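Down below is the structure, laid out as structure tokens.
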Amino acid sequence: MAPDRQPMLEGGLVMLRPSTPADWDALFAVASDPLLWEVHPAHDRWQEPVFRAYFDAGIASGGALTIVDKATGTVIGSSRFDNWVPEADEIEIGWTYLARAYWGGVYNREIKRLMLDHIHRFVRTAVFTVGVGNLRSRRAMEKIGGVARPGTVERMMAGEMKPHLIYEITRP
């Protein structure tokens, strides 16, 4: 059975809902902060043309989710389910970014818990691709139980091939 990649998910702090083209303004308002991308391999994603390509790819993927702060109704970021590999019984969770006011772990942990609880009903393993130099995201992955696979993979980011680690979290 194909996984539902655009669910409505709700926790105590956030709601995740399917992204639509109408989310452009709110998501770009969050993403246009250069400090969000400072240690990310796609360090230029704050620029409108670069973010436009990222946003359009997310919409086209059929797995993009917009993250809303339940207390205020404010759009605070985005995440995505993509790259489902049925024969490996895995799917990738990623492309996540949050407004800096929501950094610090509590929001990210809830977002990832909601996404993992949902997707593990369909697939055994969720994988996360993290730039080797993105220590902030690597620490966040380890805090939620991600285990790095041996070796690295190369991904195109900001016009260059850059090494990434693959973390995985398997269904309990």
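For segment 21-34, the set of residues classified as free of Cβ contacts under 8 Å to residues at least 40 places away in the same chain and part of a loop (DSSP other than H, G, I, E, B) consists of SER32 only. Residue-level analysis places TYR107 among those that are among the hydroxyl-bearing types (Ser, Thr, Tyr) and assigned to a helix (DSSP H, G or I). Taking the condition of being open to solvent by less than 70 Å² (accessible area, probe 1.4 Å) and either in contact (Cβ under 8 Å) with a residue 60 or more places away in the chain or closer than 16 Å to VAL30 by Cβ (or both), how many residues in segment 60-79 meet it? Within segment 60-79, residues that are open to solvent by less than 70 Å² (accessible area, probe 1.4 Å) and either in contact (Cβ under 8 Å) with a residue 60 or more places away in the chain or closer than 16 Å to VAL30 by Cβ (or both) number 13.
Taken over segment 35-61, the criterion of being touching a strand residue (DSSP E or B) at 6+ places or on another chain (Cβ under 7 Å), over 18 Å from TYR102 (Cβ atoms) and either aromatic (Phe, Trp, Tyr) or part of a helix (DSSP H, G or I) (or both) is satisfied by GLY58, SER61.
Of the residues screened, THR66 is not one that is assigned to a loop (DSSP other than H, G, I, E, B) and either charged (D, E, K, R) or more than 22 Å from ILE166 (Cβ to Cβ) (or both). Considering the conditions (1) surrounded by fewer than 14 Cβ atoms within 10 Å (Cβ to Cβ); (2) under 16 Å from MET156 (Cβ atoms), HIS43 is excluded by exactly one of them, (1). Every condition in (1) of a type in the set (Val, Ile, Thr); (2) within 30 Å of MET1 (Cα to Cα); (3) at pLDDT below 95; (4) surrounded by fewer than 17 Cβ atoms within 10 Å (Cβ to Cβ) is met by THR170 except one, and the failing one is (3). Say we look at segment 80-131 and pick out the residues that are at negative phi, under 12 Å from the mean Cα position of the chain (by Cα) and aromatic (Phe, Trp, Tyr); which of these is surrounded by the most Cβ atoms within 10 Å (Cβ to Cβ)? Filtering first and then ranking leaves PHE81.
If I ask for residues that are without any contact (Cβ under 8 Å) to a residue 40 or more places away in the chain and either over 17 Å from GLU110 (Cα atoms) or not aliphatic (A, V, I, L, M) (or both), which ones from segment 136-150 would you list? Within segment 136-150, ARG138, ARG139, GLU142, LYS143, GLY145, GLY146, VAL147, ALA148, ARG149, PRO150 meet the criteria. Under the condition of being touching a helix residue (DSSP H, G or I) at 6+ places or on another chain (Cβ under 7 Å) and farther than 24 Å from ARG139 by Cα, which residue from segment 25-40 is most open to solvent (accessible area, probe 1.4 Å)? The qualifying residue most open to solvent (accessible area, probe 1.4 Å) is PHE28. Number of residues in segment 1-19 that are open to solvent by 60 Å² or more (accessible area, probe 1.4 Å) and assigned to a loop (DSSP other than H, G, I, E, B): the value is 6.
The values are calculated or read from the model by the stated rules, or taken from the named source; none is laboratory data. Note that the coordinates shown come from a computational prediction; the quantities given were computed from them, not determined experimentally. Using ideal geometry, Cβ is built from the backbone for each residue, glycine included, and neighbour counts are taken over all protein chains shown. Accessible surface is based on the protein model in full, side chains and every heavy atom, while ligands, DNA and RNA are left aside. Shrake-Rupley method; radii C 1.70, N 1.55, O 1.52, S 1.80 Å.
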